[in-house]
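A.B. asks: Take a look at the following structure, please.
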Amino acid sequence: MPSPRRSVEGRPLGASASSSSSSNSPGSPAHGGGCNRFEFQSLLSSRAPVADPTCARLRASESPVHRRGSFPLAAPGPSQGAPLPEEDRMDLNPSFLGIALRSLLAIDLWLSKKLGVCAGESSSWGSGRPLMKLLEISGHGIPWLLGTLYCLSRSDSWAGREVLMNLLFALLLDLLLVALIKGLVRRRRPAHNQMDMFFTLSVDKYSFPSGHATRAALVSRFILNHLVLAIPLRVLVVLWAFILGLSRVMLGRHNVTDVAFGLFLGYMQYSIVDYCWLSPHNVPVLFVLWNEP
Ligand SMILES: CC(C)=CCC/C(C)=C/CC/C(C)=C/CC/C(C)=C/COP(=O)(O)O
């Protein structure tokens with residue numbers, strides 16, 4: 001036989017003020033063994049409004065719908081201390097993940113603002129802004145695309161053409177992937193950024209991931225794998241990629257996570273290019289331009 005689980009001021013839960021006086025007689029469901037009445041009321045409570053607000057509040061806190069999504073420490077109630085049902089414990093995990101992500105985001109925004117020392121002329125390192133903008137141009141898509149096309153037109157060896165054709169493919173793939181992700185994520189650029197970049201696409205109003213960072217990582221990995229360079233030059237290539245990434249945050253163009261993910265994405269993009277390596281053997285049509293008569 002089920003019995004009332006809780007009482008308020010000695011009154012069993014579910015017994016309203018009026019009902020406690022009118023039906024508080026032995027044998028009535030609300031008294032002592034009146035468990036039938038509680039069952040009846042708890043069934044009713046899910047369908048009809050309850051007269052007593054205290055009972056309604058308590059019942060609401062019992063409800064799994066009410067508990068779901070609430071943080072356990074911030075939800076004191078009758079069930080405090082008792083182990084939560086399995087379903088609720090599983091629901092708590094996304095909250096912790098959410099809190100972790102929100103904390104990461106807060107640190108990201110805070111750090112990005114701190115590092116954005118060249119975001120404006122009046123910023124603490126505002127005088128370094130022209131240098132940062134020079135770095136920006138060194139990683140812009142237009143010079144890289146035009147430079148590659150120019151070298152391709154001047155190249156007189158098959159090996160050189162093959163490498164340059166793949167660099168062109170890499171740059172276009174990068175533009176496509178970055179535009180796709182920017183369009184999907186739609187993260188706004190930091191508030192302290194001045195939108196004075198030269199030649200941007202419409203998706204470049206978004207900041208995640210940094211297109212300059214992806215290009216820097218992709219191009220430097222490409223160069224390290226396909227050009228024979230002395231060690232100091234190889235170090236310089238890697239340094240350029242990292243400094244360019246840092247300069248994006250210093251200029252206020254990006255948050256730290258935009259650049260970190262950008263560098264990672266660019267590094268991975270090279271693996272795709274390497275896997276799909278274009279050559280006169282597998283895609284002869286791309287090299288038909290250079291077929292000597
Ligand atoms: C020349 C060929 C073969 C094709 C041209 C394709 C094309 C549409 C090129 C556009 C290049 C362009 C404008 C790139 C934008 C670069 C940029 C401003 C990226 C933003 O970088 P971020 O680090 O601020 O995210």
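A.B. asks: Kindly indicate which of Gly245, Gly252 is under 21 Å from Leu105 (Cβ atoms), of a type in the set (Gly, Ala, Ser) and either in contact with an Asp or Glu (Cβ under 7 Å, 6 or more places away or on another chain) or not in a helix (DSSP H, G or I) (or both). Steps first, please.
C.D. replies: Values: Gly245 fails: either in contact with an Asp or Glu (Cβ under 7 Å, 6 or more places away or on another chain) or not in a helix (DSSP H, G or I) (or both).
Result: Gly252 is the single residue among Gly245, Gly252 that is under 21 Å from Leu105 (Cβ atoms), of a type in the set (Gly, Ala, Ser) and either in contact with an Asp or Glu (Cβ under 7 Å, 6 or more places away or on another chain) or not in a helix (DSSP H, G or I) (or both).
Quick grid of which residues meet (1) within 16 Å of the ligand (Cβ to nearest atom); (2) over 13 Å from Leu244 (Cβ atoms); (3) surrounded by 13 or more Cβ atoms within 10 Å (Cβ to Cβ); (4) not basic (Lys, Arg):
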| residue | (1), (2), (3), (4) |
| --- | --- |
| Ser127 | no, yes, no, yes |
| Gly139 | yes, no, yes, yes |
| Gly147 | yes, yes, yes, yes |
| Ser153 | yes, yes, no, yes |
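A.B. asks: Quick one: which of Leu218, Leu184, Leu227, Leu175 is farther than 26 Å from Arg253 by Cα and out of contact with any strand residue (DSSP E or B) (no Cβ under 8 Å at 6 or more places or on another chain)? Outline the logic, then answer.
C.D. replies: On the way: Leu218 fails: farther than 26 Å from Arg253 by Cα; Leu184 fails: farther than 26 Å from Arg253 by Cα; Leu175 fails: farther than 26 Å from Arg253 by Cα.
Just one listed residue meets the conditions, Leu227.
A.B. asks: Output the residues belonging to the stretch 264-293 that are surrounded by 13 or more Cβ atoms within 10 Å (Cβ to Cβ) and within 28 Å of the chain's Cα centre (by Cα).
C.D. replies: Residues satisfying the conditions are Phe264, Leu265, Gly266, Tyr267, Met268, Gln269, Tyr270, Ile272, Val273, Asp274.
A.B. asks: Please list, ordered by residue number, the helices (runs of 4 or more DSSP H) wholly in the stretch 114-204 having 2 or more residues that are of a type outside the set (S, T, N, Q), within 20 Å of Leu289 (Cβ to Cβ) and assigned by TED's automatic domain parsing to the domain that holds Val237.
C.D. replies: Values: elements: 129-138, 141-154, 158-185.
Helices (runs of 4 or more DSSP H) meeting the threshold: 141-154, 158-185.
A.B. asks: Which residues, taken from the stretch 244-282, are among the hydroxyl-bearing types (Ser, Thr, Tyr) and modelled with pLDDT under 95?
C.D. replies: At the first step, the residues of the stretch 244-282 found to be among the hydroxyl-bearing types (Ser, Thr, Tyr) are 247, 257, 267, 270-271, 275, 279.
The answer is Ser279, and nothing else.
A.B. asks: Can you name the residue in the stretch 206-230 that is closer than 15 Å to Phe242 by Cα and hydroxyl-bearing (Ser, Thr, Tyr) and, of all such residues, is nearest to the ligand (Cβ to nearest atom)?
C.D. replies: Filtering first and then ranking leaves Ser210.
A.B. asks: Here's something else I'd like to know. How many residues are assigned to a helix (DSSP H, G or I) and in contact (Cβ under 8 Å) with a residue 60 or more places away in the chain when one looks only at the stretch 263-293?
C.D. replies: Here is the first cut: in the stretch 263-293, the residues assigned to a helix (DSSP H, G or I) are 263-275, 284-290.
So of that shortlist, the ones also in contact (Cβ under 8 Å) with a residue 60 or more places away in the chain come out as 265-266, 269-270, 272-273, 286-287, 290.
Of the residues in that region, 9 qualify.
The values are calculated or read from the model by the stated rules, or taken from the named source; none is laboratory data. Please read all numbers here as calculations on a predicted model, not as lab measurements. Note that each Cβ is placed from the backbone with ideal geometry, even for glycine, and that neighbours are counted across all protein chains shown.
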